[in-house]
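What follows is a short report on a single structure.
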Amino acid sequence: MPAMALALLLGSVSPPSFAGQYLEGSPDDGLTATVSRSEPNLIRVEGRKIRRIQGVEGEFLVTPDKETGAAYLKPNTDKPILSVFVADDAGRHWKLMLKVADVPAETLVIRDRSRSRVEGRAFLADESRNAAIRRVLLALARDTEPEDMTARDTLVIVPLWNEARFVLVRTLEGALLGEKYQLTNVSSSRMVIDERELYRRGVLAVMVDSLELEPGEATNVMVVLVGRDG
């Protein structure tokens, strides 16, 4: 299955969980985070693109995502702490102290402290947007139709992986767009789904009912996207 990055992952609705470690500071600060020892970890700089990640040669592997400007970092050493510098397209260098642990893959979001100093009204707008995303996910999961959205039932096969049948079964259209799919494991092997693999441009959130499927089993996949007015 092709590995892809998800810009924002809102996880499960029941209970909701938010992915990512937000590292807020300035280029003069030393930012600390935890990364997985055995899996690639997604690193991105909020509002910018990563140009390179530097550190001691051989201590880690970096795979850039040129489309999104993010990068995947996987430790390649037994050291408990890595020190790396992340350079973005604004010419800034962020120093990260990474604690290596036996945990699942992590998402690190570097946030410029000066960008986060917004008015309370903007903060409330962000909170309202997150609430709207959760509301669409719930409506998709429960097959309900919010008053401010239009629901349509459909049956469209969407190409995904050779091992899967991916069918669009319902859409919601309003300020945000919602899509509900049925994903079936058509292979002879057990399938483990990584929600990040379902990313495409414009996706705000993804929810998968079951991340592990035996041959012939199916699960629901809910996707929330930016509205047509952007």
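From least to most packed, judged by other beta carbons within 10 angstrom and beginning with the fewest, MET191, MET97 follow the order MET97, MET191. In this rough spin-label picture, where each label sits 7 Å from Cα along the Cβ direction, the GLU57-TYR22 distance is 3.9 nm.
Look at LEU96, LEU225, LEU155 and count the other Cβ atoms within 10 Å of each Cβ; fewest to most, that gives LEU155, LEU225, LEU96.
The 3J(HN,Hα) values that the Karplus relation (6.51, -1.76, 1.60; θ = phi - 60°) gives for the range 190-198 are, in residue order, 5, 10, 10, 9, 9, 4, 5, 6, 9 Hz. Gly and Pro appear as x.
Answer rounded, prolate or oblate for the range 121-226, using the Cα gyration tensor with square roots of eigenvalues a ≥ b ≥ c: rounded when a/c is under 1.5, else prolate when a/b is larger than b/c, else oblate. Judged from the Cα gyration tensor, the range 121-226 comes out prolate (a/c at least 1.5, a/b above b/c). Between LYS74 and THR154, the modelled label-to-label distance comes to 3.5 nm, taking each label 7 Å out from Cα in the direction of the beta carbon.
Segment GLU39..ASP194, full-extension length gain: 54.6 nm, with 0.36 nm per residue of separation and the alpha-carbon distance subtracted.
Quick note: the coordinates plus some simple rules give every number you see, no bench work behind them. Since this is a predicted model, take the numbers as computed values, not measurements. When we count neighbours, we look across all protein chains shown, and the Cβ atoms used for this are built from the backbone with ideal geometry, even at glycine.
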